[in-house]
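K.L.:
Would you mind keeping the following structure in view while I ask a few things?
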Amino acid sequence: MPAQPPAVSVIMPVLNEERHLRNSVQHILEQEYDGEMEVVIALGPSTDRTDEIAAELVRETADSDRARVQTVPNPTGRTPAALNAAIKASKHPVVVRVDGHGMLSPNYISTAVRLLEETGAQNVGGIMNAEGENDWEHAVAAAMTSKIGVGNAAFHTGGSAGPAETVYLGVFRRAALEQQGGYNEEFIRAQDWELNFRIREAGGQIWFSPELRVQYRPRPSVRELAKQYRNYGRWRHVVARFHSGSINLRYLAPPVAVCANVLGVVVGLAFTPWALVVPGGYLAAIVAGSVPAGRGLPLKARLQIPLALATMHMSWGVGFLTSPRSLARKVIASRRPAVQQTV
């Protein structure tokens, strides 16, 4: 007789997610998984109907024998604080992170649990499968899943299964989270990368598999995309300061591109127009790179891919270059574990 699959806790940090929360939770409740499940939603101070929708989900699953939804408060609104609050409120040995705008594929949890067993990894994850709902979001999704947009990051572009530096979201052994004291709550962004770095430093393995896919909804405007990627760059620099040796050439490409383009424009306008070859070459490269990235998309979406690429590159680079050293000092001062080990 086959053993009963381990019980699973799904944790969700949410803030202003009325557009996608119900659909995201529905994808969890409909998982092809035979084990017990719980869903813990950490509610930030939303200004839309997120709390109301979460309360409806709690009521609707109250009598379920298989999977129930509960909520916990996250008054700070910060993602790592939400994750730690949800971890503390959950109880099962496998912890699945899902965002309020992420849609799990039907066999996501069962596949992840199998991979944890097969690989012995502490955390497994897969592909951030960006999918848009309008022309701009289609363009961003194409940029986020292309090598010219994000380099060789397997969780964006796909690749072979194997050990990885980090993965999208993640399915963890609870013991690994407790050993590390959970997420560092000073990392408003890049908290996944930072936690996975600590797990690897402690001898654990992070495993990427293309079998695991999560639908992701891109930011709905240029402004929101720029804010997202500026914060990515800013906090990735904090990780580099906090964990020596954690940076590589892929992360340095955007700040180098920003410096080269700015220098090219300044020198080109002030001294010699030949310097404008640098920003001109960059623009030509992203336009050329948008052609294969946009195959199969409507014309309006294809025309917006260069803008999405430039927004991602330049915003990430500016965030990296302007990241204040004071952020690293705050991080160093917060090394106390946020999630206590259980007895």
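The values are calculated or read from the model by the stated rules, or taken from the named source; none is laboratory data. This is a predicted model, so every value here is computed, not measured. Note that we place each Cβ from the backbone using ideal geometry, even for glycine, and neighbour counts take in every protein chain shown. Note: accessible area is taken over every heavy atom of the protein model, side chains too, but ligands, DNA and RNA are not part of it. Shrake-Rupley method; radii C 1.70, N 1.55, O 1.52, S 1.80 Å.
K.L.:
What whole number of Å gives the distance from the Cα centroid of the stretch 268-330 to the Cα centroid of the stretch 31-69?
P.N.:
Answer, in whole Å: 39.
K.L.:
Looking at the calculated P(r) for the stretch 1-103, what percent of the C-alpha pair distances fall above 22 Å?
P.N.:
In whole percent, the share of Cα-Cα pairs in the stretch 1-103 beyond 22 Å is 23.
K.L.:
While we're here: Tell me, what is the percent relative contact order of the stretch 1-107, built from C-alpha pairs under 8 Å that lie six or more residues apart?
P.N.:
Rounded, it is 44 percent for the stretch 1-107.
K.L.:
If r is the Cβ-Cβ distance from residue 205 to residue 303 and R0 is 45 Å, what FRET efficiency results, to the nearest 0.05?
P.N.:
It comes to 0.60.
K.L.:
May I ask for the net charge around residue 173, where only other residues with Cβ less than 15 Å from the Cβ of residue 173 are counted and Lys, Arg are +1 while Asp, Glu are -1?
P.N.:
Taking every Cβ under 15 Å from that of residue 173, the sum is +3.
K.L.:
Ranked highest first by average number of other Cβ atoms within 10 Å, how do 32-42, 216-226 line up?
P.N.:
32-42, 216-226
K.L.:
What are the radius of gyration and Dmax of the stretch 31-90, computed over its Cα atoms and given in Å?
P.N.:
12.3, 36
K.L.:
May I pose another question? Determine the calculated [θ] at 222 nm for the chain from helices alone, applying -39500 (n - 2.57) to every DSSP H run no shorter than 4 residues and normalising by the residue count; nearest 500 deg cm²/dmol.
P.N.:
Value at 222 nm, helices only: -15500 deg cm²/dmol.
K.L.:
With every atom except the alpha carbons ignored, what do you get for Rg and Dmax of the chain, in angstroms?
P.N.:
Here Rg and the maximum Cα pair distance are 20.8, 79 Å.
K.L.:
Would you please state the base-10 log of I(q)/I(0) at q = 0.13, 0.18, 0.22, 0.25 1/Å for the stretch 101-188, with intensities from the Debye formula using one equal scatterer on every alpha carbon?
P.N.:
Calculated log10 I(q)/I(0) at the listed q: -0.54, -0.95, -1.18, -1.28.
K.L.:
To the nearest µm²/s, what D does Stokes-Einstein give for the stretch 143-224 at 4 °C and 1.567 mPa s, using the Kirkwood radius over alpha carbon pairs as Rh?
P.N.:
Reported coefficient: 91 µm²/s.
K.L.:
Turning to a different aspect of this structure: Normalised by the number of residues in the chain, what is the relative contact order in percent for Cα pairs under 8 Å and 6+ residues apart?
P.N.:
Values: 670 pairs, mean separation 64.9, N = 343.
Rounded, it is 19 percent for the chain.
K.L.:
Considering only protein heavy atoms, what per residue accessible area in square angstrom results for the chain with a 1.4 angstrom probe? The partial results should precede the final answer.
P.N.:
Details: 15880 Å² over 343 residues.
Dividing the accessible area of the chain by its residue count gives 46 Å².
K.L.:
Continuing with this model, one more query. GNM on the chain, C-alpha springs below 10 Å: top fluctuator among 262, 96, 72?
P.N.:
Result: 262 has the largest fluctuation of those listed.
K.L.:
Right, something else. Using the crude model of +1 on Lys and Arg Cβ and -1 on Asp and Glu Cβ, and no other charge, please compute the dipole size for the chain relative to its Cα centre, in debye to 20.
P.N.:
Computed about the Cα centre, the dipole is about 1400 debye.
K.L.:
With the crude spin-label approximation of a point 7 Å out along Cα→Cβ, what separation in nm comes out for residue 271 versus residue 147?
P.N.:
Label-label distance for residue 271 and residue 147, simple model: 3.4 nm.
K.L.:
Ok, one more. Return the inverse of the average 1/r over all pairs of distinct C-alpha atoms in the stretch 173-308, which is the Kirkwood hydrodynamic radius, in Å to one decimal.
P.N.:
18.4 Å
K.L.:
In addition: Stick to Cα atoms and the Kirkwood definition of Rh, then tell me Rg/Rh for the stretch 45-140.
P.N.:
Computed over Cα atoms, the ratio is 0.99.
K.L.:
On a 0 to 90 degree scale, rounded to 10, what angle separates helix 50-60 from the longest Cα axis of the chain?
P.N.:
30 degrees
K.L.:
Pull up all non-local amide H partners of residue 72: gap of 5 or more, or a different chain, and H-to-H distance under 5 Å with H placed in the peptide plane.
P.N.:
Those qualifying (amide H under 5 Å, at least 5 residues apart or on another chain) are 41, 42, 43.
K.L.:
If you don't mind, there's one more thing I want to ask. Choose one of 237, 182, 90: the residue whose Cα lies farthest towards the positive end of the charge dipole of the chain (beta-carbon charges +1 Lys, Arg; -1 Asp, Glu; about the Cα centre).
P.N.:
237
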